[in-house]
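Okay, structure first, notes after.
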Amino acid sequence: MEAILYDEGTPQELDMEKIARYVVQKMGKVKVEVRGNPFAFNVPQDKVSDYARKIASIKIQGVSQEILSEQQPLYGEIEYEKRRILGKTKSFGILYEGFHLQRIFREIVPREERSLEFVHILFTSRLFATWDDGDKRYHLRTSVYGIPSIISTTGLIEAPARPREYYLLKQQYERLGRDLLELKERFKGRFIDYEDGRLTEVLKGYAMQAVFYHLVDNPFCEDKGCRLYNAHWQEELIFAQLGSKYEFCGRHEEVLDDLHTG
Amino acid sequence: MEKFSPVGEKDVTRAIVTEFAKQFVEYVESDCIIIGAGPSGLMAGRNLAKAGKKVLIVERNNYLGGGFWIGGYLMNKVTVRHPAERVLDELGIPYKEVSAGLLVADGPHACSKLIASACDSGVKFANMTAFDDLVLKEDGRVCGAVINWTPISALPREITCVDPVAIESEIMIDATGHDAQVVKKLEERGLIKTKGFGAMWVERSEDLIIEHTNEVHPGLIVSGMAVATTYGLPRMGPTFGAMLLSGEVAAELVLEKLK
């Protein structure tokens, strides 16, 4: 088996080599390759505009407005996506449809590598969401697993909810025109933020969720102390990835042991 | 005390009309028409005029500066985030850093300095003038604006019958803020589909505004908050750095197009 890691506009505090070493350490007999920008690896220059157009077509305009087919992008949107693909900008903040985005990334995974022999894990700073038919709205996501598994460094910060008191106070701060940075300072450490030194350590767990999706078809675990726990709150996330006394629950530890001995 | 010159009412009127008419005739055709005299329009106009271009800014209000006089919630402190303090330094606007990368200046001081700098650079203004429509060439290219006095739009159609006039330019900038009035005129004709602005996300919106400042349709560049409306980008909140820098980018793009 081979694990391939990609880095699509992620922040500089994310150390891909550390994540690669961690995956090797946990999986044992596995080759891990760090490929960097997925577009630079497998997209010829003359296809950049096509991919830019495709990505610009899957922007979510309103969280209650489901994207059913690709939309018509504007020239400026395509130009922006071109610059992102070519690595000329790292700016982010646009919301994309998660499954559509994954399908676009799948197209740039080399055809011969789209098999069970390869685990493709793509870290991106793009923010994405998936539609929920239950409440008829989009929900921000940290990850969508598949080929490739896409993990959002922005989603990690924005998707799992911050402490409840944070939102109540935020409302007050906004009403009074107070500086939100002051509020962030009050809650420092209780959620993952931009330029957070804990990012790499936390994302090791998400890389392993992608690995488990590949191995057993389920990336998640019910155990709140296991790195595979599907955290919906930042405090749960921090506990599962950094605070728990163990990295993996007994059941998942066993799967990893089997990989080493098998 | 030295006495004022003996000038009659008719002389005052004649001076106003003559000088206004002279400027109006001259600026019926210019290199660039900018709709909106907010921070991004003023910044774009200033830089273009500094580069020797003939620039007319159309503003529907009597006053220039748009929302730059006042920060959020009617409080007259304006904020910019790093790296936009470069523009404040350039304009000689005093400010202080209240936290890492967040600068605060006095709204009246900042706004008046920007207006003065635009005027000093040679920008001309048509204030109390409303943008009414676009002038489009046969190939759909934007090549001018249809304008009218602002008060005309406030009167009932039944009692006013004042036709607008048209002015022309090589290129135009939509700097009308959230309204994106010029882009909306293209939308009315089915030439473009705007996305409307998203929720406020101060941390990310400023970068995206700069990245999307661009020619949205042949002959029309969109700048400042109009960029957010056009592309459905997050709203910015009461911070002005991206307005100033977006104006700079718009000016660079216009200069490139005018080459």
Give, as residue ranges, the helices (runs of 4 or more DSSP H) completely inside segment B:98-201 that count at least 1 residues that are more than 20 Å from the chain's Cα centre (by Cα) and modelled with pLDDT under 90.
B:150-154
Which numbered condition trips up A:Gln25, out of (1) within 13 Å of chain B (Cβ to nearest Cβ); (2) not in a loop (DSSP other than H, G, I, E, B)?
(1)
Here the residues within segment A:45-74 that are surrounded by fewer than 18 Cβ atoms within 10 Å (Cβ to Cβ), part of a helix (DSSP H, G or I) and of a type in the set (A, V, I, L, M, F, W, C) are A:Val48
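Within segment A:138-154, identify whether any single residue is farther than 28 Å from A:Met27 by Cα and away from chain B (no Cβ under 13 Å), and answer yes or no. Write out each step before concluding.
Keep residues of segment A:138-154 that are farther than 28 Å from A:Met27 by Cα, which gives A:138-140.
Those left that are additionally away from chain B (no Cβ under 13 Å): A:139.
Yes, there is a match, as at least one residue in segment A:138-154 is farther than 28 Å from A:Met27 by Cα and away from chain B (no Cβ under 13 Å).
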Scan segment B:121-132 for residues that are surrounded by fewer than 21 Cβ atoms within 10 Å (Cβ to Cβ) and either at positive phi or hydrophobic (A, V, I, L, M, F, W, C) (or both) and jot them down.
B:Gly122, B:Met128
With the checklist (1) in a helix (DSSP H, G or I); (2) away from chain B (no Cβ under 14 Å); (3) touching a residue at least 12 places away in the same chain (Cβ under 8 Å); (4) closer than 30 Å to B:Glu215 by Cα in hand, flag the one item A:Glu77 doesn't pass.
(2)
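Take A:Phe220 and decide whether it is surrounded by fewer than 20 Cβ atoms within 10 Å (Cβ to Cβ), over 21 Å from A:Met27 (Cβ atoms) and without any contact (Cβ under 8 Å) to a residue 40 or more places away in the chain. Lay out the reasoning, then the answer.
Working: surrounded by fewer than 20 Cβ atoms within 10 Å (Cβ to Cβ): yes; over 21 Å from A:Met27 (Cβ atoms): no; without any contact (Cβ under 8 Å) to a residue 40 or more places away in the chain: yes.
When the stated conditions are applied, A:Phe220 does not pass them.
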Selected residue (criterion: surrounded by the fewest Cβ atoms within 10 Å (Cβ to Cβ)) from residues of segment A:80-95 that are away from every other protein chain (no Cβ under 12 Å) and not in a helix (DSSP H, G or I)
A:Gly87
Pick from segment B:207-250 the residues that are outside any helix (DSSP H, G or I) and over 16 Å from B:Asp174 (Cβ atoms): which of them is nearest to the other protein chains (Cβ to nearest Cβ)?
B:Pro234
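So that you can scan it fast, the table gives a plain yes or no per residue for (1) without any contact (Cβ under 8 Å) to a residue 12 or more places away in the chain; (2) more than 22 Å from A:Glu33 (Cα to Cα):
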site: A:Pro110; (1), (2): no, no
site: A:Thr130; (1), (2): no, yes
site: A:Leu156; (1), (2): no, yes
site: A:Tyr167; (1), (2): yes, yes
Read through the list (1) of a type in the set (A, V, I, L, M); (2) at pLDDT below 90; (3) in contact with a helix residue (DSSP H, G or I) (Cβ under 6 Å, 6 or more places away or on another chain), then give the number of the only condition that A:Ala40 fails.
(3)
Pick from segment B:202-225, criterion modelled with pLDDT under 90 and in contact with a helix residue (DSSP H, G or I) (Cβ under 7 Å, 6 or more places away or on another chain), ranking: surrounded by the fewest Cβ atoms within 10 Å (Cβ to Cβ)
B:Ser205
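Does A:Leu140 fit the bill of being aliphatic (A, V, I, L, M) and out of contact with any Lys or Arg (no Cβ under 8 Å at 6 or more places or on another chain)? Break it down stepwise before answering.
Values: aliphatic (A, V, I, L, M): yes; out of contact with any Lys or Arg (no Cβ under 8 Å at 6 or more places or on another chain): yes.
Spelling it out, A:Leu140 is indeed aliphatic (A, V, I, L, M) and out of contact with any Lys or Arg (no Cβ under 8 Å at 6 or more places or on another chain).
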Counting only residues that are in contact with a helix residue (DSSP H, G or I) (Cβ under 9 Å, 6 or more places away or on another chain) and of a type outside the set (S, T, N, Q), which one in segment B:151-164 is surrounded by the most Cβ atoms within 10 Å (Cβ to Cβ)?
B:Pro164
For segment B:99-126, what are the residues that are touching a residue at least 24 places away in the same chain (Cβ under 8 Å), touching a strand residue (DSSP E or B) at 6+ places or on another chain (Cβ under 7 Å) and over 30 Å from B:Ala166 (Cβ atoms)?
B:Leu103, B:Val104, B:Ala105, B:Asp106, B:Gly107, B:Ala110
Of the conditions (1) closer than 27 Å to B:Pro39 by Cβ; (2) surrounded by fewer than 16 Cβ atoms within 10 Å (Cβ to Cβ); (3) not polar (S, T, N, Q), the single one that B:Gly177 does not satisfy is (2)
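The values are calculated or read from the model by the stated rules, or taken from the named source; none is laboratory data. Here the structure is a predicted model, which means the values were calculated and not measured. Glycine gets a Cβ as well: all are built from the backbone with ideal geometry, and neighbour counts include every protein chain shown.
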